[in-house]
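The block underneath contains the structure these notes are about, expressed in structure tokens.
A short reminder: the numbers here are calculations on the coordinates, not readings from a lab. Remember, it's a predicted structure, so these values are computed and weren't measured experimentally. Here the Cβ positions follow ideal geometry from the backbone for every residue, glycine too, while neighbour counts run over all protein chains shown.
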Amino acid sequence: MSPGSLVGFGVLAVVLVTAFSLIATGWFALTAERLRARGPAAERSAAAWALLAPIVLAVTIVGVIAAIGSGSVDHCIGHHHHAHFCLVHGAAWLERPWAVALAAASTITFVLRIAIVAWRRERARRAVAQVRRVSDLGDRVRIARSDRVFCFVAGWRRPEVYMSSRAWDALSDEERDAVFAHEQAHADSGDLWMSTVVELASTVAAPLAGSWLHMQWADASERLCDAYAARATAPATVASALVQMCRAGHLQALPGSFMPGAATLEHRVRAVLSGAPMGTRLGWRVWMLAGAAIVATTLLASQLHHALETLLG
């Protein structure tokens with residue numbers, strides 16, 4: 001593959017991901033009220049789809065178009081008026097400064113975003129390791145002697161719930177059960193690995209759209225786990241635990257701790273006390289739609305190839 005081909009396919013990937021991401025974000029925003037009425041499970045699933053589907057569809061289109069341009073047959077005959085998405089005839093992209101600049105800027109931005117995510121994850125890993133060293137295994141949770149207020153679950157293979165001694169002392173037995181049920185719900189729902197996938201996807205999405213959808217996913221996940229905890233204990237117990245954690249202090253060890261910030265406390269308390277349905281994940285219709293989009297991309301690959309070359313080349 002020539003450097004020009006890399007630039008061309010880079011431009012194509014950026015344009016497609018950005019366009020699909022904006023469409024998906026707009027869809028999520030327009031259906032937000034309906035999703036909220038269905039419950040946090042539906043919101044959470046929709047936010048994840050809005051982040052991941054544009055990337056999958058864009059990668060599929062780029063892959064199919066690259067496959068068309070990878071053979072020995074010169075498919076570019078009669079199309080010399082524009083640059084080509086082709087592994088053989090892509091040199092013309094180097095003659096377009098805007099394309100080179102877009103590909104370079106997008107690559108640098110992507111690398112920096114990935115580096116930030118890796119740095120955050122490494123910092124979180126070290127924080128968990130430090131807390132684990134000073135913690136003792138108690139009744140279902142590891143208790144760390146600390147004046148900081150936190151409670152979180154960590155560990156992909158063997159998830160464990162960690163709680164500071166200050167948080168433990170601030171809660172009643174029933175409230176501790178609610179906090180444990182909340183954190184266990186994170187582990188059972190696969191949030192420990194899904195949060196990484198969603199965060200990585202948000203770095204590729206359209207500017208601002210990725211961070212907003214990531215925030216919507218995280219908020220829905222917290223309310224969903226509150227609902228699971230309310231089912232295991234009682235809604236009033238979960239609400240009380242949220243309030244008590246905030247009263248005990250405003251510091252927390254890791255993002256994702258049970259304790260909400262002051263801005264989201266009322267939001268989560270109202271949600272758990274409302275008795276609203278938990279909802280369900282988006283079902284087979286979404287999978288069928290995704291499959292249909294991929295099949296259509298494959299069947300219309302040739303027409304799509306030349307249309308995109310005419311538009312961008």
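Panel order for Asp173, Asp219, Asp191, Asp136, by other beta carbons found within 10 Å of each beta carbon, from fewest to most: Asp173, Asp136, Asp219, Asp191. The distance between label points at Ile116 and Ala32 comes to 2.1 nm (points 7 Å beyond Cα on the Cα→Cβ vector). For segment 108-122, the Karplus equation 6.51 cos²θ - 1.76 cosθ + 1.60, evaluated at θ = phi - 60°, returns couplings of 5, 4, 4, 4, 5, 5, 5, 4, 5, 4, 4, 5, 4, 5, 5 Hz by residue, with Gly and Pro reported as x. Sorting the segments 118-126, 174-182 by their mean number of nearby beta carbons within 10 angstrom, highest to lowest, gives 174-182, 118-126. Ordering Arg268, Arg44, Arg158 from the fewest to the most neighbouring beta carbons within 10 Å gives Arg158, Arg268, Arg44.
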